[in-house]
Amino acid sequence: MHLRLRLVIIITLLLTAAVLAEEIDLLPIELTPDEMGRLDEIGINHIITDAPTGEIRNPAEWEPSQGVIIRWPLGIPVSLIAEMSEDIVVTTIVETTYQQNSAISSYTSGGVNMSNVNWLFAATNSIWTRDYGPWFIIDGNDSLAIVDHMYNRPRPLDDQIPWILGADWGLEVYGMDLEHTGGNHMSDGLGVSMSTELVYEENPSLTESEVDSIMLAFLGNDYTVLDYIESGGIHHIDCWAKFLNPTTILVKDVPPSSSSYALLNARANYLSQQISSWGRPYSIVRIYCPTGTAYTNSIILNNKVFVPTFSDSYDDSALQTYANAMPGYEIHGFDGTWYDDDAIHCRTMGVPDRDMLEIMHIPLFTTGDTLNNYEVVTTIKARSGQPLIGDSLKIIYQDRTAFWKSAPLTATGNPNEYVGYIPAQRPRTTVNYYIKAADQSGRVVTHPYIGQPWAHSFYVNHGPTITSPADMECVTSQEFTWCPAFTDPDDAELTISYGDLPAWLSVAGDSVTGTAPELAVVEQFTVTVSDPYSSTEQLVTLTVTQGFLCGDANGDLSVNVADAVYIINYIFKSGPPPDPIEAADVNGDGSTNVGDAVYLINYIFNSGPSPACL
């Protein structure tokens with residue numbers, strides 16, 4: 001080959017290799033063997049500050065977003081950036097103008113909306129902006145701010161990104177004395193966050209309560225830390241779980257042959273029994289993730305959900321799971337260089353809208369009230385500083401008529417607090433509703449964020465009714481068993497409980513049972529019948545009457561020939577009557593006569609039938 005041609009080929013190969021080296025991130029999401037030997041370098045340049053003061057809130061992923069942070073060279077496809085740039089600002093971290101120009105060329109040819117592209121010039125070690133990027137809070141000054149954790153990798157350039165962003169964007173930065181990683185943290189925006197026990201393991205000099213206290217001080221979150229699911233790997237919570245809203249958690253599902261099958265099922269069951277910030281148990285959505293897929297590792301940005309796909313037969317099912325669980329959202333799937341513990345969520349970091357129009361509201365529960373209007377209380381704050389538009393503040397609701405109606409929200413006099421009323425409804429009515437507000441910055445928001453398609457819902461319950469009489473009788477020294485009769489037209493599962501039972505009664509299943517005392521007495525106790533939403537109580541009066549022994553006409557508490565003589569004496573010689581008279585009606589014909597004496601003698605002397613008083 002001609003020498004000059006060979007040189008051209010070599011130069012071309014070298015240039016190609018240089019470009020490829022730039023395009024391919026060489027550091028994995030996990031620690032490299034070299035980094036395992038440099039763990040003492042973690043946080044070497046990390047800055048620790050005092051915690052923010054005042055009331056703090058850590059916004060959730062589904063709240064209004066103004067942007068997303070990624071890094072060049074990329075770890076995500078340009079097509080994903082193009083879709084994100086339609087609505088929000090994509091901040092790309094680049095180290096040099098050469099990298100910026102490469103990115104511009106790629107973005108332009110890939111259809112990215114360049115008017116929604118922002119640049120941050122900074123050196124980085126890797127693409128995992130979720131793991132080392134900023135955590136955002138609304139601090140005690142009511143301003144968007146950054147919390148910086150110590151990145152759990154010996155990657156000092158990555159660890160400085162939150163401070164560089166804070167300086168570039170004019171945001172206060174608070175540095176935690178805590179080793180952590182963004183993929184192992186999810187927040188509900190209402191004071192609750194979750195991680196795996198990796199956070200405890202990576203901070204051995206701190207007690208668990210000290211770690212929890214740091215999270216509370218810097219993020220304003222009560223902290224739930226969960227045991228590991230996998231025996232190995234990076235142990236990030238976003239590998240198997242994701243908040244979809246304050247009361248819904250997406251949890252990974254795997255084939256029964258998987259070593260994590262039983263643990264994931266147990267974890268899903270455990271979470272379903274915990275109480276969310278909305279005051280009700282979490283709803284759990286399972287998403288099937290066979291080996292090599294990471295469908296939980298998605299990101300929510302405003303009304304869009306970006307889900308990793310893997311060009312396999314499970315993609316459609318995963319996307320449909322999101323669509324079913326998050327009605328009203330646009331669900332977008334993107335193939336990429338994803339792994340089973342790393343995908344879109346790990347490589348992107350959402351940025352809350354610093355001027356968001358914020359609505360806070362705890363949704364109404366199912367109620368048994370059919371007489372009073374339903375009070376809807378909310379706080380609405382325009383962080384843009386622009387006034388709210390008064391006639392935009394509404395509750396939009398749907399009752400059994402199926403038409404959507406509206407009710408106004410009015411100020412209560414408390415700061416940023418508003419109240420409105422949904423009219424009282426008949427039993428067995430499902431009411432759907434959402435809150436809407438606008439301010440003069442042009443922002444229009446709803447609660448929940450997606451509005452009508454995923455509206456809040458409560459049920460007007462038809463409570464149970466006890467139909468048993470409140471007054472009963474039983475006889476001394478006899479067995480007594482009782483359970484109330486009741487009706488409930490809209491609930492099949494009800495519970496029965498008792499209160500203030502006399503000592504001789506005890507609960508057996510849904511009944512009370514016991515042997516009545518020997519002396520007549522009047523007892524009282526309560527019975528309560530409850531459905532999942534309401535209950536009804538009845539005060540029961542139980543009269544214990546003096547009983548009698550059938551055939552014991554003379555009242556000596558035994559049945560013998562003397563009783564037959566007593567009956568004959570009463571009938572033929574005007575002797576004293578049996579007490580009670582029913583005790584002498586041994587043949588059960590409703591009257592006391594000579595036939596009863598004959599019946600009794602036949603029983604005593606000829607093994608005749610037993611006394612059968614009515």
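The values are calculated or read from the model by the stated rules, or taken from the named source; none is laboratory data. The shown structure was predicted, so the numbers you read here are calculated from the model rather than taken from an experiment. Glycine also receives a Cβ, built like all others from the backbone with ideal geometry; neighbour counts cover every protein chain displayed. Accessible surface areas use protein heavy atoms only, side chains included; no ligands, DNA or RNA. Shrake-Rupley method; radii C 1.70, N 1.55, O 1.52, S 1.80 Å.
For the range 200-210, a residue qualifies if it is out of contact with any helix residue (DSSP H, G or I) (no Cβ under 6 Å at 6 or more places or on another chain) and not polar (S, T, N, Q), and the qualifying residues are Glu201, Glu202, Pro204, Leu206, Glu210.
Rundown of residues vs (1) at pLDDT 95 or above; (2) over 30 Å from Thr53 (Cα atoms); (3) open to solvent by less than 40 Å² (accessible area, probe 1.4 Å); (4) of a type outside the set (A, V, I, L, M, F, W, C), yes/no style:
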site	(1), (2), (3), (4)
Gly220	yes, no, yes, yes
Gly233	no, yes, no, yes
Phe243	yes, no, yes, no
Ile275	yes, no, no, no
Val285	yes, yes, yes, no
Ser298	yes, yes, yes, yes
Thr309	yes, yes, yes, yes
Asp312	no, yes, no, yes
Ser317	yes, yes, no, yes
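Exactly one residue out of His149, His185 is crowded, with 24+ Cβ neighbours inside 10 Å, in contact (Cβ under 8 Å) with a residue 24 or more places away in the chain and within 19 Å of Glu63 (Cα to Cα), and it is His185.
The residue that is surrounded by the most Cβ atoms within 10 Å (Cβ to Cβ), among those in the range 118-143 that are acidic (Asp, Glu) and outside any helix (DSSP H, G or I), is Asp139. When the strands (runs of 3 or more DSSP E) confined to the range 445-512 are screened for residues that are of a type in the set (Phe, Trp, Tyr) and touching a residue at least 24 places away in the same chain (Cβ under 8 Å), those reaching at least 1 such residues are found at 456-460, 479-482, 495-499. Restricting attention to the range 84-93, does a residue exist that is at pLDDT 95 or above, in contact with a Pro (Cβ under 8 Å, 6 or more places away or on another chain), under 23 Å from Trp163 (Cα atoms) and surrounded by 11 or more Cβ atoms within 10 Å (Cβ to Cβ)? No; the residues of the range 84-93 include none that is at pLDDT 95 or above, in contact with a Pro (Cβ under 8 Å, 6 or more places away or on another chain), under 23 Å from Trp163 (Cα atoms) and surrounded by 11 or more Cβ atoms within 10 Å (Cβ to Cβ). Counting only residues that are in contact with a Cys (Cβ under 6 Å, 6 or more places away or on another chain) and among the charged types (D, E, K, R), the range 499-552 holds 1 of them.
Whenever a residue of the range 584-597 is within 8 Å of Ile567 (Cβ to Cβ), its partners that are open to solvent by less than 50 Å² (accessible area, probe 1.4 Å) and charged (D, E, K, R), lying with C-beta atoms within less than 8 angstrom and at least six residues away or across chains, give the pairs Ala584/Asp563; Ala584/Asp596; Thr592/Asp585; Asp596/Asp585. Reported count of residues in the range 390-401, each being open to solvent by 60 Å² or more (accessible area, probe 1.4 Å) and either assigned to a loop (DSSP other than H, G, I, E, B) or on the phi > 0 side of the Ramachandran plot (or both), is 2.
Tell me, please, whether a residue that is farther than 23 Å from Ala485 by Cα and modelled with pLDDT of 85 or more can be found in the range 529-547. No, the range 529-547 contains no residue that is farther than 23 Å from Ala485 by Cα and modelled with pLDDT of 85 or more. Taking Glu417, is it open to solvent by 70 Å² or more (accessible area, probe 1.4 Å) and either more than 26 Å from Val305 (Cβ to Cβ) or touching a helix residue (DSSP H, G or I) at 6+ places or on another chain (Cβ under 6 Å) (or both)? Answer is no for this residue. Among the residues here, Asp510 does not qualify as within 30 Å of Pro609 (Cα to Cα) and among the acidic types (Asp, Glu). A single member of Asn324, Asn302 is within 30 Å of Thr446 (Cα to Cα), crowded, with 18+ Cβ neighbours inside 10 Å, at pLDDT 95 or above and not small (Gly, Ala, Ser), and it is Asn302. Among the residues of the range 476-522, which ones are open to solvent by less than 40 Å² (accessible area, probe 1.4 Å) and acidic (Asp, Glu)? The answer is Asp488, Asp490, Asp491.
Can you confirm whether Pro281 is open to solvent by 40 Å² or more (accessible area, probe 1.4 Å) and without any contact (Cβ under 8 Å) to a residue 60 or more places away in the chain? In short, yes. Looking only at residues in the range 519-538 that are among the hydrophobic types (A, V, I, L, M, F, W, C) and within 37 Å of the chain's Cα centre (by Cα), which one is farthest from Phe458 (Cα to Cα)? Looking at the filtered set, the residue picked out is Val527. Selection of the range 585-614 for residues being of a type in the set (Asp, Glu) and open to solvent by less than 30 Å² (accessible area, probe 1.4 Å) yields Asp585, Asp596.
Restricting Asn265, Asn269 to those that are farther than 29 Å from Tyr434 by Cβ, open to solvent by 60 Å² or more (accessible area, probe 1.4 Å) and in a helix (DSSP H, G or I) reduces the list to Asn269. Scanning the range 123-138 for residues that are of a type outside the set (D, E, K, R) and either over 24 Å from Pro52 (Cβ atoms) or touching a Phe, Trp or Tyr at 6+ places or on another chain (Cβ under 7 Å) (or both) gives Ala123, Thr124, Asn125, Ser126, Ile127, Trp128, Tyr132. Checking each residue of the range 541-556 against the condition of being open to solvent by 70 Å² or more (accessible area, probe 1.4 Å), in contact (Cβ under 8 Å) with a residue 12 or more places away in the chain and more than 19 Å from Glu518 (Cα to Cα) gives no match. Annotation note: of Ser106, Ser115, the sole residue that is surrounded by fewer than 21 Cβ atoms within 10 Å (Cβ to Cβ), in a helix (DSSP H, G or I) and within 39 Å of the chain's Cα centre (by Cα) is Ser115. Filtering the range 564-581 to residues that are at pLDDT 85 or above and open to solvent by 50 Å² or more (accessible area, probe 1.4 Å) leaves Val565, Tyr566, Ile568, Asn569, Tyr570, Ile571, Phe572, Lys573, Ser574, Pro576, Pro577, Ile581.
Within the range 335-380, if we keep just the residues that are of a type in the set (A, V, I, L, M) and not in a strand (DSSP E or B), the residue that is surrounded by the fewest Cβ atoms within 10 Å (Cβ to Cβ) turns out to be Leu371. Pairing each residue of the range 520-532 that is closer than 14 Å to Ile496 by Cβ with any residue that is open to solvent by 50 Å² or more (accessible area, probe 1.4 Å) and of a type in the set (Phe, Trp, Tyr), provided the two are 6+ apart or on different chains, yields C-beta distances under 6 Å for Val529/Phe486.
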